[in-house]
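Single-structure report; data block below.
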Number of protein chains: 2
Amino acid sequence: MARGNGSVSELQQERRKFKPVLPAILQAGAGSVKAKLGKATKSVADQEKVKEIFDHTYGLPEAAFAKGANPAAKKKAVKVAVVLSGGQAPGGHNVIAGLFDGLKKANPKNTLIGYLGGPSGILENKFKTITKDMLDNYRNTGGFDFIQSGRTKIETPEQFETAKKNLVENKINALVFVGGDDSNTNAALIAEYAKKENIALCVVGVPKTIDGDLKNEHIETSFGFDTATKIYAELVGNICRDVNSAQKYWHFVRLMGRSASHITLEVGFKTQPNIVLIGEEVLEKKMTLAQIVDGIADVVIKRAQQGKNFGVALVPEGLIEFVPEMKELISALNDVLAENASEIAAMNSTEEKKTFVFQNLPQHLSALMKSLPAGIASQLMLDRDPHGNVQVSLIETEKLLTEMVHKKLSELKKEGKYSGKFSAIMHFFGYEGRCGIPSNFDANYTYALGYNAAVLALNNLTGYLSSVKNLIKPAKQWACGGIPLTMMMNIERRHGKEKPVIKKALVDLNGRPFKEFVKNRDKWAMSESYIFPGPIQYFGPASVTDMTTQTLQYEQKAGKR
Amino acid sequence: MARGNGSVSELQQERRKFKPVLPAILQAGAGSVKAKLGKATKSVADQEKVKEIFDHTYGLPEAAFAKGANPAAKKKAVKVAVVLSGGQAPGGHNVIAGLFDGLKKANPKNTLIGYLGGPSGILENKFKTITKDMLDNYRNTGGFDFIQSGRTKIETPEQFETAKKNLVENKINALVFVGGDDSNTNAALIAEYAKKENIALCVVGVPKTIDGDLKNEHIETSFGFDTATKIYAELVGNICRDVNSAQKYWHFVRLMGRSASHITLEVGFKTQPNIVLIGEEVLEKKMTLAQIVDGIADVVIKRAQQGKNFGVALVPEGLIEFVPEMKELISALNDVLAENASEIAAMNSTEEKKTFVFQNLPQHLSALMKSLPAGIASQLMLDRDPHGNVQVSLIETEKLLTEMVHKKLSELKKEGKYSGKFSAIMHFFGYEGRCGIPSNFDANYTYALGYNAAVLALNNLTGYLSSVKNLIKPAKQWACGGIPLTMMMNIERRHGKEKPVIKKALVDLNGRPFKEFVKNRDKWAMSESYIFPGPIQYFGPASVTDMTTQTLQYEQKAGKR
């Protein structure tokens, strides 16, 4: 055990005893589950190109599990490997637990190994053989510390070769890849490679990401989203209560989620703060930074007119990248800095560098750059990643916005159009939620996803993503099966090359969740409609312990599926 | 109700049903409780000066409640006012609920009003009469939003005059002051003033502060400390798990608590991170900033030698003010900036201002200033409060330390003494914990404190602080009574004047909690002894819901009391 002195919290001791509820269809084990295959499928877009890349695995049929004797799934003992890929999400350990239990139930001689530290564990052949005793300490816990995770991708021909060698030498029959969109794209490529190379390796994916942007008709949500948004909502709710008690501060909270604003929207539903910014709307409306700032200032002013110099605003981490002019600016900066790297490096003062860069930007971008707070402008210019690019994830958007709102309000004050007080406090929540103890929902969901992955593997359904659905119903009624990974693909340009990738699910501006938000946001802006969800509860009334996300509720009750 | 559209979270609905456990001694109401008075008391220090200021209320005897008929406490209907003063702490609403229920139980004709927005509510005569229906929505909830709080002090003769006028006109028999050390000092002054002016007003204090620095032999802990530290520990535990899963970052977490490091120590016990800095130790050992940085770098290097380029460090918010040289620097900066205000204001560039200030500082302080990261040095010079003083609370100590550690490690790397990676992520937790839903402990404790305050008021025990003790025992066994406010006073210089104030309880370096920490910290530093407490639970096994703080456990089991 990694935990140094073996101390375990009281809650963790109790959580070890929790028995996840398995969907009825899986309860008798893989030997009593038959896969019903549907029609051949197509990728969501770019069918020709995706088909060309996935020559051996494109167009697989959907698989839905139904009751039925399936002795083949119990017969031969198999060896399965699991790997955790990418950022942590609550419930990863339960995926392993479900997978382990599903395999053992089918045949006690089945074995499970865990590659250590993410996909690099496959390449470096680092793994541990998972035993019940080992695993029992990690059931229903947060974190990925049981076998750790990593961000290595298996991409080059050499890497594929090494992976093949290690998997074959270890006599692995199936590989379960737990990850987000990128990791599952990688899983699909490995499945394709195995078929092409004629290796008897079944590859199964499991949809993981707190960001909630890996979802579609068949994957209703990725695991971890429920727990992470509940943790952030606990904190935002506490801040709303603090704001309404002290009545003297505005709090700006940036929430994790770079590519999509699902987390911010869900936390918005759970807490009803005064301002909720959604990146996808900013993009759709082609909003400028100034328009966003004006929008915030407008709410601040109107509340101040009612004597309310306080409020709470939620900002998605990726907001900046949704603002078209900022995207243009970042891209132009990358170019100017790359093209004049040595010249700029030779300059001594920041002032000199700034002047040079400003002169070399198109005029409208130079003006935009000048409108930014000095600290942010310097950060954009000076903080570069190893590839020389602007480090967008380091930009403290909540600080950028409050500084600009502050400036705007000062101007309006001089003109006599605003007489309130604006004092802002800033927060960023992300890491706090990735390793929380999974909610009952996520504990059940991940256990089912893992167990279901075992059934897929035992049926040799390669190139599939573990699919557990009907999630707003009780866990017993969840439907299980597999969705072909290629079905979710399209082609995108990455680093100048066309690549097949699983399409990210952004907040749908025509979907019910966003529409419900739009219906309510004006009321939230002016009132104190705050809701205080409090911390995740694992015991007590089902109303408190077992509710799912508001996003899922709205999506599924809209009758869209 | 303040909540705009009346939506209430599922947990809040359930928490409304919670019935706090009242200490057995209070269960039959004030009519069955007799106050046993002890010997006359003395202030903790400066007895002569304190006595002079509190001519009418100095030296009151301790009061301990025992069973016994007390018809007088039920006879006459009284009108009581409650006021919340200072920062929020979980359980404030339950103080009001306990007070209300204690008053009504004694005599249904007793009434309770709440002054709004803190002590300024007394001066502005803003209040609401509290009814059961109103209150029921706030039972067992976090926040002070029921009647809000404020930081106004009643200090000038005019303010005392106004307070007297409003309290007399409202026919208030007793005033219950819920606050920290400063607020309860103010309560003591009002009690003294009322006696001097011959007004029949009983003033009772209630010990509130998440910081945990209002405690002594009779006040075992202030309310809110339990809940707030549990919330911070949930987050720090999640971060520890994240760190141990990703194994590539150091996280530096600054925790609220400027004057004392109790919060940091308690969160340290609950999560066992690699580094825990305690301000009181820094002061005692007269540590320099460089020594603190060296100490952190030492742990980073030793862990890196074991291949562990990750860890978690806790930093108390007030650390900087405990570093003697920093205190000296801040004081010298205040002087230089005040003495040369107009000259400095006339300078155009930051560079020019810096050069001037550096020249005017004593040499060792100028050197210290130059050793600080540029951003922090600018902040120290430029961000001033309305009195022209350095805004110490704005200093992001976690950023200061990581930048300096980073610099130190870079130097050592050049010398070939370090070859690890140091990538740091920073957090500040404070506001997230002040308004959380009170833990069962705090819900019971605050209800008892409020109920006990009612009994003190009904016995006309003025100038007392509500005292509920034996807190590591079940709530039924808690002992109740009152402690004279003057007993906790000493004289301190504030803004150049000698003032009577309640003495702050700092972390006692000879106390059992600190000693336990010292015993364990080397092990925590090098191992991953992390504990993951998870979120506060309100339902389920008592081991999970009802435990108190580790600090209290250590203090009381040390046999010191």
Residue within the range A:438-452 that is of a type in the set (A, V, I, L, M, F, W, C) and under 25 Å from B:Gln247 (Cβ atoms) present: yes
Matching residues in the range A:268-295 - criterion: being open to solvent by 30 Å² or more (accessible area, probe 1.4 Å) and either of a type outside the set (A, V, I, L, M) or assigned to a strand (DSSP E or B) (or both): A:Lys270, A:Glu284, A:Lys285, A:Lys286, A:Thr288, A:Gln291, A:Asp294, A:Gly295
Residues satisfying the stated conditions in the range A:524-561, i.e. open to solvent by 30 Å² or more (accessible area, probe 1.4 Å), facing chain B (nearest Cβ under 8 Å) and out of contact with any Gly (no Cβ under 7 Å at 6 or more places or on another chain): A:Pro541, A:Ser543, A:Met547
Restricting the range B:9-55 to residues that are hydrophobic (A, V, I, L, M, F, W, C) and without any contact (Cβ under 8 Å) to a residue 40 or more places away in the chain, the residue that is nearest to the other protein chains (Cβ to nearest Cβ): B:Ala28
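From A:Lys132, A:Lys105, which residue is among the charged types (D, E, K, R) and surrounded by 18 or more Cβ atoms within 10 Å (Cβ to Cβ)? Spell out the reasoning first.
Values: A:Lys132 fails: surrounded by 18 or more Cβ atoms within 10 Å (Cβ to Cβ).
Just a single option satisfies the conditions, and that option is A:Lys105.
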Within the range B:343-375, considering residues that are assigned to a loop (DSSP other than H, G, I, E, B) and out of contact with any helix residue (DSSP H, G or I) (no Cβ under 8 Å at 6 or more places or on another chain), the one nearest to B:Val405 (Cα to Cα): B:Ser349
The listed residue being at pLDDT below 95 and not in a loop (DSSP other than H, G, I, E, B), out of B:Ser410, B:Ser378: B:Ser378
Residue match in the range A:296-310 (condition: open to solvent by less than 10 Å² (accessible area, probe 1.4 Å) and of a type outside the set (A, V, I, L, M)): yes
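For every residue, the table says whether it meets (1) within 14 Å of chain A (Cβ to nearest Cβ); (2) without any contact (Cβ under 8 Å) to a residue 24 or more places away in the chain; (3) among the basic types (Lys, Arg).
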site: B:Ala73; (1), (2), (3): no, no, no
site: B:Val82; (1), (2), (3): no, no, no
site: B:Gly87; (1), (2), (3): yes, no, no
site: B:Ala97; (1), (2), (3): no, no, no
site: B:Asp101; (1), (2), (3): no, no, no
site: B:Phe127; (1), (2), (3): no, no, no
site: B:Tyr138; (1), (2), (3): yes, no, no
site: B:Arg151; (1), (2), (3): yes, no, yes
site: B:Phe160; (1), (2), (3): no, no, no
Residue check, A:Asn444 under 30 Å from A:Val236 (Cβ atoms), touching a Phe, Trp or Tyr at 6+ places or on another chain (Cβ under 9 Å) and surrounded by fewer than 16 Cβ atoms within 10 Å (Cβ to Cβ): no
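Among the residues of the range B:388-407, is there at least one that is closer than 30 Å to B:Lys19 by Cα, more than 14 Å from chain A (Cβ to nearest Cβ) and either touching a Phe, Trp or Tyr at 6+ places or on another chain (Cβ under 9 Å) or assigned to a helix (DSSP H, G or I) (or both)?
So far as the range B:388-407 goes, no, none of its residues is closer than 30 Å to B:Lys19 by Cα, more than 14 Å from chain A (Cβ to nearest Cβ) and either touching a Phe, Trp or Tyr at 6+ places or on another chain (Cβ under 9 Å) or assigned to a helix (DSSP H, G or I) (or both).
The rows are residues; the columns are (1) of a type outside the set (Gly, Ala, Ser); (2) open to solvent by less than 20 Å² (accessible area, probe 1.4 Å).
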| site | (1), (2) |
| --- | --- |
| A:Lys126 | yes, no |
| A:Asn166 | yes, yes |
| A:Lys171 | yes, no |
| A:Ser183 | no, yes |
| A:Ile199 | yes, no |
| A:Pro207 | yes, yes |
| A:Asn216 | yes, no |
| A:Ile219 | yes, yes |
Candidates B:Lys195, B:Lys248, filtered to the one that is charged (D, E, K, R) and either part of a helix (DSSP H, G or I) or crowded, with 24+ Cβ neighbours inside 10 Å (or both): B:Lys195
Criterion (more than 30 Å from A:Thr549 (Cα to Cα) and out of contact with any helix residue (DSSP H, G or I) (no Cβ under 7 Å at 6 or more places or on another chain)) met by exactly one of B:Ala72, B:Ala30, B:Ala97, B:Ala24: B:Ala72
Test: residue in the range A:453-464 that is modelled with pLDDT of 95 or more, crowded, with 24+ Cβ neighbours inside 10 Å and within 14 Å of chain B (Cβ to nearest Cβ): no
Filtered residues of the range B:471-481 (kept if open to solvent by 30 Å² or more (accessible area, probe 1.4 Å) and touching a residue at least 12 places away in the same chain (Cβ under 8 Å)): B:Ile472, B:Pro474, B:Lys476, B:Gln477, B:Ala479
Evaluation of A:Pro484 against (1) within 14 Å of another protein chain (Cβ to nearest Cβ); (2) buried (at least 24 other Cβ atoms within 10 Å of the Cβ) (one fails), failing number: (1)
Only listed residue being under 30 Å from B:Lys270 (Cβ atoms) and not hydroxyl-bearing (Ser, Thr, Tyr), chosen from B:Gly496, B:Gly482, B:Gly450: B:Gly450
Breaking point among (1) under 14 Å from the mean Cα position of the chain (by Cα); (2) more than 13 Å from every other protein chain (Cβ to nearest Cβ); (3) hydrophobic (A, V, I, L, M, F, W, C), for B:Leu201: (1)
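Name the strands (runs of 3 or more DSSP E) wholly within the range A:8-95 that hold at least 3 residues that are buried (at least 23 other Cβ atoms within 10 Å of the Cβ), of a type in the set (A, V, I, L, M, F, W, C) and under 27 Å from the mean Cα position of the chain (by Cα)?
A:79-84
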Residue check for B:Val236: in contact with a Pro (Cβ under 7 Å, 6 or more places away or on another chain) and more than 30 Å from B:Ala457 (Cβ to Cβ): yes
Top-ranked residue in the range B:333-356 [being of a type in the set (Ser, Thr, Tyr) and free of Cβ contacts under 8 Å to residues at least 24 places away in the same chain; ranked as most open to solvent (accessible area, probe 1.4 Å)]: B:Ser342
Residue count, the range B:413-447 (criterion: assigned to a loop (DSSP other than H, G, I, E, B) and either within 12 Å of another protein chain (Cβ to nearest Cβ) or out of contact with any helix residue (DSSP H, G or I) (no Cβ under 6 Å at 6 or more places or on another chain) (or both)): 12
Count of the range B:357-390 residues which are under 19 Å from B:Phe322 (Cβ atoms) and open to solvent by 60 Å² or more (accessible area, probe 1.4 Å): 1
Subset of the range A:255-279 [within 10 Å of another protein chain (Cβ to nearest Cβ) and at positive phi]: A:Gln272
Qualifying residues in the range B:228-254 (those that are of a type in the set (Ser, Thr, Tyr) and within 10 Å of chain A (Cβ to nearest Cβ)) - the one nearest to the chain's Cα centre (by Cα): B:Tyr249
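The values are calculated or read from the model by the stated rules, or taken from the named source; none is laboratory data. What you see is a predicted model, and the numbers here were worked out from it, not measured in a lab. All Cβ positions, glycine included, derive from the backbone under ideal geometry; neighbour counts span all protein chains shown. With ligands, DNA and RNA removed, areas are computed over all heavy atoms of the protein, side chains included. Shrake-Rupley method; radii C 1.70, N 1.55, O 1.52, S 1.80 Å.
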